[in-house]
Amino acid sequence: MTPSVGTPERYAAVAAALGLTRQFAGTYQTTLAVADFESGDPLVVDTLAFHAEQAVKDGAECLLFGCAGIADQIRAIEQRVGVLCIPSVAAGVSQAIACLRHRQAPLAGGPFRQVHHKPLAGFNALARHYAR
């Protein structure tokens with residue numbers, strides 16, 4: 001799931017570069033703008049759930065939502081469609097934290113540019129938000 005600004009070809013290329021073509025069911029775009037996700041309008045969840053249901057009908061067993069603004073609606077959508085729904089920004093942050101904890105670099109050799117290491121000034125202040 002992604003707002004209307006997403007590029008289906010780009011997501012398909014990333015899935016292919018990561019060797020996930022068989023697991024990638026496709027991109028389902030909405031007509032919503034990023035600002036709509038913050039509106040609190042119940043039609044936003046209805047629209048997202050509609051597209052999620054279409055993806056499930058097409059065989060999706062897990063949905064990755066491509067906008068940080070959708071994070072607050074994820075659980076409501078997940079309950080309606082009955083499959084795991086993942087907010088991609090939260091998943092990315094979790095992956096970055098896992099890499100830091102294990103002192104490993106993010107995935108290399110894929111479609112992404114090389115990561116240049118930067119000091120993590122202030123990171124310790126954020127750690128409490130990610131503690132279990």
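All of the numbers you see were taken from the coordinates with simple rules; none came from a lab. Note that the coordinates shown come from a computational prediction; the quantities given were computed from them, not determined experimentally. We place every Cβ from the backbone using ideal geometry, glycine too, and count neighbours over all the protein chains shown.
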**OP:** Consider a paramagnetic label point 7 Å from the Cα of VAL34 along Cα→Cβ; state which residues of the range 41-71 have an amide N under 12 Å from it.
**Re:** 67-70
**OP:** With only Lys, Arg, Asp and Glu charged, each at its Cβ (+1 for the first two, -1 for the last two), find how big the charge dipole of the range 8-89 is about the Cα centre; round to the nearest 20 debye.
**Re:** 300
Original post:
Want the number for ASP41 to ALA76: 0.36 nm per residue separation, take away the alpha-carbon distance, what's left?
Top reply: 11.3 nm
Subject >> At R0 = 30 Å, FRET efficiency that the Cβ-Cβ distance of ARG22 and ALA68 yields, to 0.05 >> reply: 0.60
**OP:** Just subtract the alpha-carbon distance of TYR11 and SER94 from 0.36 nm times their residue separation and send over the number in nm, one decimal.
**Re:** 27.9 nm
